[in-house]
1. Could you list, in their original order, any pairs among Lys22/Lys243; Lys56/Lys170; Lys170/Lys247; Lys24/Lys170 whose Cα atoms are separated by more than 25 Å?
2. Using the Cα centre of the chain as origin and beta-carbon charges of +1 (Lys, Arg) and -1 (Asp, Glu), tell me which of Tyr238, Ile176, Phe96 is placed farthest towards the positive end of the dipole.
3. With viscosity set to 0.890 mPa s at 25 °C, what whole-number translational diffusion coefficient in µm²/s follows for segment 6-137 from Stokes-Einstein and a Kirkwood radius over Cα pairs?
4. Separation of segment 203-248 and segment 79-142 by C-alpha centroid, Å?
5. Find how many whole Å separate the alpha carbon centroid of segment 159-175 from the alpha carbon centroid of segment 34-72.
6. Along segment 65-78, what does the Karplus equation 6.51 cos²θ - 1.76 cosθ + 1.60 (θ = phi - 60°) give for ³J(HN,Hα), rounded to whole Hz, x for Gly and Pro?
7. How big is the charge dipole of segment 145-245 about its Cα centre, in debye rounded to the nearest 20, if each Lys and Arg gets +1 on its Cβ and each Asp and Glu gets -1 on its Cβ?
8. For Lys30, which sequence-distant residues (separation of 5 or more, or a different chain) have an amide H within less than 5 Å of its own amide H, given hydrogens modelled in the peptide plane?
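Rule-based calculations on the coordinates, nothing more; no lab input. Keep in mind it's a predicted model, so treat the numbers as computed, not measured. Neighbour counts run over all protein chains shown; Cβ positions are idealised from the backbone, glycine included.
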Amino acid sequence: MSKIPESQKDFIERVEELLEEKIKKGLAIKALTVGTHGGNIVASCIKPDIKKYNAKEMVAATTSILFISSKASTKIAEDTLKHVITYGPTYILACFLTRNISFGAILDRQVVELEGIDPYVTELNELALKISAIIESSDINYGDIFYRIKVNIPDAKMYAIVTRDGLPIKIQSDSIDEARLSAFVSAIFNVNNLITGEDAEFTTVIGESQCIIIHVLDDTRLLALSIPSSGSSNLMRYVVRIKELIKP
């Protein structure tokens, strides 16, 4: 079978090929994931010996780490985030943030310490930038639900994507800090599930002037919006709109 010309490949195929090529060449590289800033998975490549890692969960966690670390760099160190490296007993987690994507890599710590971390950081950062450029030039909506929600529901006062465990992935809110907002959203949703004994689809919190809608995105993430309170029928129109926007 003839090879598909680069110009005719779907951008996801191009990204997946880059990940596969890198993971084959990098002895220490065990897993690579690419996600949107909203925590949606774009592509992943995970070696069979660590299949216990779920790509969706890794993307959500990587994006959350980068979001929190970026805020910390800005507010504490008054600096711009480059990357985050976390050392565990067996593996190293390396996270990179570009203009378009979150990029995560799991590395074998023993191999990295023999070869040195710097070459891996340099190569992975270059790969993240290359993938970011591919996505930026694709002119395709590659699944950033946060952007879609903001564009299509512009009257919300708060937008948040958080993990079900209460970690922030991407948040825009002027009234409360990200950590507390994430904890509140997760707690409200999970307590409802605990009481009813079943997985909820969405929860609404009604106030005098604002209503908070918390909706499941997938098995790892929740979406929350704060919209003007204006009756149950109008509220359900927002819910229907959200359902349309989050369809795969």
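1. Working: Lys22/Lys243 37 Å; Lys56/Lys170 16 Å; Lys170/Lys247 19 Å; Lys24/Lys170 32 Å.
Long pairs (Cα-Cα over 25 Å): Lys22/Lys243; Lys24/Lys170.
2. Tyr238
3. 164 µm²/s
4. Measuring centre to centre over Cα atoms gives 34 Å.
5. 16 Å
6. Taking θ as phi minus 60°, the curve returns 4, 5, 4, 5, 5, 5, 5, 5, 4, 6, 7, 8, 9, 6 Hz for segment 65-78.
7. 300 debye
8. When sequence neighbours closer than 5 places are left aside, the close amide H contacts are Ile106, Leu107, Asp108.
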